[in-house]
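Quick note: the coordinates plus some simple rules give every number you see, no bench work behind them. All figures in this text were calculated on a predicted structure; none of them were measured in a lab. Here the Cβ positions follow ideal geometry from the backbone for every residue, glycine too, while neighbour counts run over all protein chains shown.
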Amino acid sequence: MDDLDLRLVRSFTVVAEHRHFGRAAAELHLTQSSLSRQIIRLERQVGARLLDRTPQGTRLTEAGEAFLPLAAGVLRSAVSATAHARAVARPSRITVGYTGNLIITPAVRELRHRHPDAEVLALYLKWDDARAALLDHRVDAAIVRLPLPSGGLHVTVLRDEPRVLLVPSDHRLAGKESVTLDDIADEPLPRASDPEWDAFWRVDPRPDGRPAPDGPFINAIEDKIELVASGQAVAIVPAGSATPTGLRPDLTTVPLEDVEPSHVALATREGDRGRLVTAFRKCAEACLSG
């Protein structure tokens, strides 16, 4: 059997994610015919059919279902190996990750001031990608909002942020001084795939044991914002992430009472005591804790 071509493996994982050749081709910046040829080449290398096209889209075959998690693991290992080798080769380089609407500039600027010899990079991460990015060595430190699976990580809370309710500007609760969970007892809230994240940001279950009303599933913060703006749901968000409302006159926030605040934290790999990681930890605690 020929050695697997990682480029073909990545194309397969993107098709498997979208279950649609057209959308996958657009993400990969390929034509559908080129993508189809790549999948055929991969199937020949593997020796099994991995995908079937149907009138409803694309589905994984039984072999494809078995191959997908292993393929994703191969890609992660390749990324991790490359990033780790670069980190060893460049001890004066650090990449700091950050998730949506979190400002890391003061800490990054301070690190550059203290270590002018260092190459300090910043990298935006999706809300659910921080832990994988750290363990894969794509970033060396990350500023995130909790909850975050902490296995293999060292996590330090930097500050708390109140949680607020995001609603359309014409919603019945818009303009109130504050609201409680009872006020939104029957309001659907968008759901996320991560159970811990979903439970925290929907306050599910509620303090009295009732489940939070279900809303549509979302994969991106932007989808949550659109759902709220269109009146399909309300959302509980950190006060510090309300920036999108400044760009959308059709949204507003209302303080939410009787819920614990959200937490902004610094995450690094467990046991990583590298010079720049240690220095950035000090900069983050000094500049981002207020």
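Remark: the chain carries a charge dipole of roughly 1360 debye about the Cα centre, counting +1 on each Lys and Arg Cβ and -1 on each Asp and Glu Cβ.
With the cut-off at under 17 Å, measuring from each backbone N in the range 269-284 to a point 7 Å along the Cα-to-Cβ line of Leu146 picks out 269-270.
When the Cα positions of Pro188, Leu148, Gly209 are compared along the charge dipole of the range 135-220, Leu148 comes out farthest toward the positive end, with charges on each C-beta of Lys, Arg, Asp and Glu. The residue among Pro261, Ala16, Pro168 whose Cα reaches farthest toward the positive pole of the charge dipole of the chain, with charges on the beta-carbon of Lys, Arg, Asp and Glu, is Ala16. For the range 6-80, the extents of the C-alpha atoms along the principal axes are 35, 27, 19 Å, listed from largest to smallest.
Site pair Arg210 and Leu70 shows an inter-label distance of 4.9 nm when each label is modelled 7 Å from Cα along Cα→Cβ.
Our note on the geometry: Cα centres of the range 162-177 and the range 118-137, 33 Å apart. Using the beta-carbon distance between Arg59 and Arg93 and R0 = 45 Å, what value does 1/(1 + (r/R0)^6) give for FRET efficiency, to the nearest 0.05? Once rounded, the FRET efficiency stands at 0.60.
Per-residue ellipticity at 222 nm from helix content only, as computed over the chain with -39500 (n - 2.57) for each DSSP H run of at least four residues, stands at -12000 deg cm²/dmol. Full extension of the chain between Lys282 and Arg49 gives 78.7 nm of extra length, using 0.36 nm per residue less the Cα-Cα distance. The distance between label points at Ser33 and Glu257 comes to 6.6 nm (points 7 Å beyond Cα on the Cα→Cβ vector).
In which sequence would Ile39, Ile94 go, from the one with the fewest C-beta neighbours within 10 Å to the one with the most?
Fewest-to-most ranking of Ile39, Ile94: Ile39, Ile94.
Compared with the direct C-alpha span, the chain from Ala78 to Asn101 gains 5.3 nm at full extension, assuming 0.36 nm per residue. Relative contact order, whole percent, for the chain stands at 21, derived from Cα pairs under 8 Å and 6 or more residues apart. Only Cα pairs under 8 Å and 6+ residues apart enter the sum, and on that basis the relative contact order of the range 6-80 stands at 33 percent.
Taking a sphere under 15 Å around the Cβ of Pro195 and counting the other residues whose Cβ falls inside, with K and R at +1 and D and E at -1, yields a net charge of -3.
Both radii come from the Cα set of the range 177-290: Rg as radius of gyration, Rh as Kirkwood radius; their ratio Rg/Rh reads 1.05.
Residue separation of Ile40 and Ala199 scaled by 0.36 nm, minus their Cα-Cα distance, works out to 53.1 nm of gained length.
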